[in-house]
Amino acid sequence: MRVLKTMMVIPAMSLLLVATPGYAQTPSTQKPTPPATQPPATLPPATQQPAAPPAAAPAPRPPAPFPEGSKFAFIDIQAIASNSTEGKAATAKLDELRKKKNAELTAKTNALKAMQDKLSAGGSVLNDTARAQLEKDIEKAQRDMQFAQQDAQTEVQDLTNQLQGEFQDKLNPIIEQLRVDKGLLMIFSIRDAGVVAADPGLDLSAELVKRFDTATTKAGPKK
């Protein structure tokens, strides 16, 4: 049976680009007015009781049992990407690249700002030749910044596509084997299926993460 094509959604994969001077938006400074409150009532000192200890956190509920005889189930690809060893490794790679590109763009932004500040503070100190050269350097730095931003976005997107493809290629056979072992006709991707209600026991995401991690451990790191 053909495995449903899945797409990994890796958290925190977006590239945080550094804005060039003049493009930053001013955040709203308006704060919501807090609702009016009355002072809490207090008991007289003679009858005041000690505060009760905080209630213990409820114990986590055991996973719901898989409905006997069911021929359908679902998985949450986002949960698998977030909790599996393979998904976490992919997220780390993307985060490392994002931080690297942000550092590069920050350095370019600071260099550009330094030249703009020099031009603004130069006044009559700079002669016409020096001022014209500095203006050319600023224009070139602005173009370089735009190209660097575009290149950074492209590089991050390319790595995202590569990691998603690798994740999908590794996960699909495990999904198919899980379907066979459970005797299922179909496994849905819950975020894409448009399901509004389902028995929680049909969620095989946790089991799939365990199988995926086991397979990843056996395969070992790439040489």
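Put a plus charge on the Cβ of each Lys and Arg, a minus charge on the Cβ of each Asp and Glu, and nothing anywhere else: the dipole of region 72-218 about its Cα centre is then about 360 debye. Among rounded, prolate and oblate, which fits region 72-218 when a ≥ b ≥ c are the square roots of the eigenvalues of its C-alpha gyration tensor, a/c under 1.5 means rounded, and a/b larger than b/c means prolate? Note, shape of region 72-218 comes out prolate. Which of the residue pairs Lys71/Lys170; Lys101/Lys170; Lys182/Lys218; Lys71/Lys93; Lys100/Lys140; Lys100/Lys218 have a Cα-Cα distance greater than 30 Å in the structure shown? Listed pairs above 30 Å: Lys71/Lys93; Lys100/Lys218.
No lab work stands behind these numbers, since they all come straight from the coordinates. Given the structure is predicted, the values throughout are model-derived calculations rather than measurements. With ideal geometry, Cβ positions are generated from the backbone for all residues, glycine too; neighbour counts draw on all protein chains shown.
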